[in-house]
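Notes for the one structure printed next.
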Amino acid sequence: MNGAHDLGGMQGFGPVGAEPDEPVFHAEWERRAFALTLAAGALGKWNIDQSRYARERQPPAEYLATSYYEHWLYGLEKLLVEKGLVTAEELATGKAAARSDLSPVGITQMSEIIRRGGAHRIASDLPARFSAGQKVAVRNRHPLGHTRAPRYVRGRQGVIDRDHGVFVFADSSGSDQGPKPQHCYVVRFAAPELWGPEANPRDVVLVDLWDDHLDPA
Amino acid sequence: MGEGHHHHGSQAHGEDHDHHHSDVPSDPALRVKALESLLVEKGLVDPASLDYLIDLYETRIGPRNGARVVARAWTDPAYKARLLAKGGLAIKELGYEGRQGEDIVVVENTPAVHNLVVCTLCSCYPWPVLGLPPVWYKSAPYRSRAVIDPRGVLREFGVELGGEVELRVWDSTSEVRYMVLPQRPPGTEGLGEESLADLVTRDSMIGVGLALAPKVTA
């Protein structure tokens with residue numbers, strides 16, 4: 001969806017403003033929000049794409065006015081209710097109406113989940129639609145569901161830089177439509193193709209895009 | 001640029017939420033506290049696992065891991081070749097693997113090419129080698145500008161690229177994670193891996209900085 005999360009190319013946010021000390025977390029609630037998100041995710045009721053899509057649905061004005069871990073908290077509350085782990089009533093009152101049938105993930109299993117990571121790459125001999133050096137155009141699509149094709153590349157032409165292999169298609173997976181495995185590529189865009197003739201011709205932007213994002217150009 | 005931020009205050013947190021109960025945004029600290037006690041009470045999370053996760057990412061996994069990878073690549077040409085060909089596998093040789101680093105691609109800075117990594121859509125970052133990202137990496141200014149004004153962003157970090165240098169900006173839109181192999185600074189010929197790792201900053205592995213010059217010893 002065309003949400004506030006899709007920030008590439010926006011202007012007016014000011015300088016980047018790095019902090020001098022850079023603590024990993026800035027408050028105890030950030031630590032807890034981070035850990036709760038990973039621990040609830042480890043229950044296996046949603047995938048990382050659905051998790052991103054939940055955060056992306058935070059209303060744009062609110063998204064831009066809140067901090068990073070507030071986005072996480074918004075997404076976590078949304079998923080817990082949508083996937084039926086918590087009722088809206090329980091979330092509102094903070095009181096458990098019933099204990100869950102699920103078992104919480106303990107430290108041993110959690111450390112294994114972290115070590116193993118996600119199964120995004122798929123072992124498959126599915127043929128690639130494109131190969132390195134080929135010219136492509138990004139489809140100009142504006143789905144209401146999840147998409148990993150940023151607005152700033154839609155309708156633009158680029159060149160396949162390399163083929164990463166077959167991966168879960170995030171747009172489908174994040175929109176509850178299943179993994180739809182396909183090739184994911186690095187697509188190279190010349191900066192003037194994205195930003196107009198005043199852009200530096202020595203600059204390129206490389207974006208990971210899947211078969212379903214692309215047409216031959 | 002510089003028109004300033006929008007500050008909608010409470011009107012940005014309206015009653016259109018499908019699960020929040022008030023017109024005013026509640027304090028995230030209170031919300032998180034209530035949520036944690038609810039999830040523990042329901043038997044959905046184990047408090048010990050929460051403490052484990054916080055300790056892991058706050059104190060155990062950080063950019064020192066990536067610095068060791070870079071130092072190895074600077075001193076071992078065969079390792080560097082493996083790292084640039086199959087980043088994730090070469091990184092695993094040093095024991096770093098897992099969540100948010102399942103597929104890592106390492107891109108090399110040279111006198112002719114400078115690489116910069118961003119995630120415009122969220123905050124994708126190679127956790128096993130760099131830890132959790134700093135606030136600025138996840139912020140709107142960096143995510144918006146890194147693709148449209150990368151040289152301006154680099155200038156803010158004190159990096160001025162020559163006009164002849166090709167600048168490659170990697171927008172991390174898939175589950176592949178990118179890490180920059182910075183250039184080895186001059187004057188480091190005699191240094192061992194541990195001393196070299198001290199020169200590898202986190203910023204240099206994102207591409208917003210360069211590796212440090214060695215300290216001159218008297």
Screening B:164, B:194 for residues that are farther than 30 Å from residue A:66 by Cβ, surrounded by fewer than 24 Cβ atoms within 10 Å (Cβ to Cβ) and out of contact with any helix residue (DSSP H, G or I) (no Cβ under 8 Å at 6 or more places or on another chain) leaves only B:164
Could you check, for the stretch B:168-181, whether at least one of its residues is in contact with a strand residue (DSSP E or B) (Cβ under 8 Å, 6 or more places away or on another chain) and part of a helix (DSSP H, G or I)? no
Counting only residues in the stretch A:194-208 that are more than 18 Å from residue B:120 (Cα to Cα) and touching a strand residue (DSSP E or B) at 6+ places or on another chain (Cβ under 9 Å), the one least open to solvent (accessible area, probe 1.4 Å) is identified as A:199
Going through the stretch B:64-102 in order, the residues found to be open to solvent by 30 Å² or more (accessible area, probe 1.4 Å), farther than 22 Å from residue B:190 by Cβ and not in a helix (DSSP H, G or I) are B:86, B:94, B:95, B:96, B:97, B:99, B:102
When every residue in the stretch B:171-191 that is in contact (Cβ under 8 Å) with a residue 40 or more places away in the chain and open to solvent by 10 Å² or more (accessible area, probe 1.4 Å) is compared, the one farthest from the other protein chains (Cβ to nearest Cβ) is B:184
Within the stretch A:79-88, residues being at the interface with chain B (Cβ under 7 Å from one of its Cβ atoms) and in a helix (DSSP H, G or I) number 2
When residue A:108 is run through (1) over 30 Å from residue A:35 (Cβ atoms); (2) open to solvent by 70 Å² or more (accessible area, probe 1.4 Å), the failure sits at (1)
Flagged in the stretch B:182-218 as among the polar types (S, T, N, Q) and not in a loop (DSSP other than H, G, I, E, B), in numbering order, are B:195, B:204
Would you confirm whether or not the stretch B:128-140 contains a residue that is in a loop (DSSP other than H, G, I, E, B), in contact (Cβ under 8 Å) with a residue 40 or more places away in the chain, touching an Asp or Glu at 6+ places or on another chain (Cβ under 6 Å) and open to solvent by less than 20 Å² (accessible area, probe 1.4 Å)?
yes
In the stretch A:36-47, anything free of Cβ contacts under 8 Å to residues at least 12 places away in the same chain, assigned to a loop (DSSP other than H, G, I, E, B) and buried (at least 18 other Cβ atoms within 10 Å of the Cβ) is listed as none
Matching residues in the stretch A:50-59 (facing another protein chain (nearest Cβ under 9 Å) and in a helix (DSSP H, G or I)) number 3
Per the filter on the stretch A:1-35, residues acidic (Asp, Glu), open to solvent by 50 Å² or more (accessible area, probe 1.4 Å) and facing another protein chain (nearest Cβ under 7 Å) are A:19, A:22
Those residues of the stretch A:163-181 which are open to solvent by 10 Å² or more (accessible area, probe 1.4 Å) and in contact with a Leu (Cβ under 9 Å, 6 or more places away or on another chain) amount to A:175, A:181
Reported set for the stretch B:197-209 where residues are within 15 Å of residue B:71 (Cβ to Cβ) and open to solvent by 30 Å² or more (accessible area, probe 1.4 Å) is B:198, B:201, B:202
Open item on the list: Can you say whether residue B:121 is in a loop (DSSP other than H, G, I, E, B), open to solvent by 20 Å² or more (accessible area, probe 1.4 Å) and within 10 Å of chain A (Cβ to nearest Cβ), as far as the supplied structure shows?
Closed with: no
All conditions in (1) modelled with pLDDT of 95 or more; (2) under 18 Å from residue A:113 (Cβ atoms); (3) in contact with a Pro (Cβ under 8 Å, 6 or more places away or on another chain) are true of residue B:92 except (3)
Scanning the stretch B:152-164 residue by residue, those more than 7 Å from chain A (Cβ to nearest Cβ) and either touching a Cys at 6+ places or on another chain (Cβ under 6 Å) or in contact (Cβ under 8 Å) with a residue 12 or more places away in the chain (or both) turn out to be B:154, B:157, B:158, B:159, B:161, B:164
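The values are calculated or read from the model by the stated rules, or taken from the named source; none is laboratory data. The shown structure was predicted, so the numbers you read here are calculated from the model rather than taken from an experiment. Cβ: placed from backbone, ideal geometry, glycine included. Neighbour counts: every protein chain shown. Areas reflect the complete protein model, heavy atoms only, side chains present, ligands, DNA and RNA absent. Shrake-Rupley method; radii C 1.70, N 1.55, O 1.52, S 1.80 Å.
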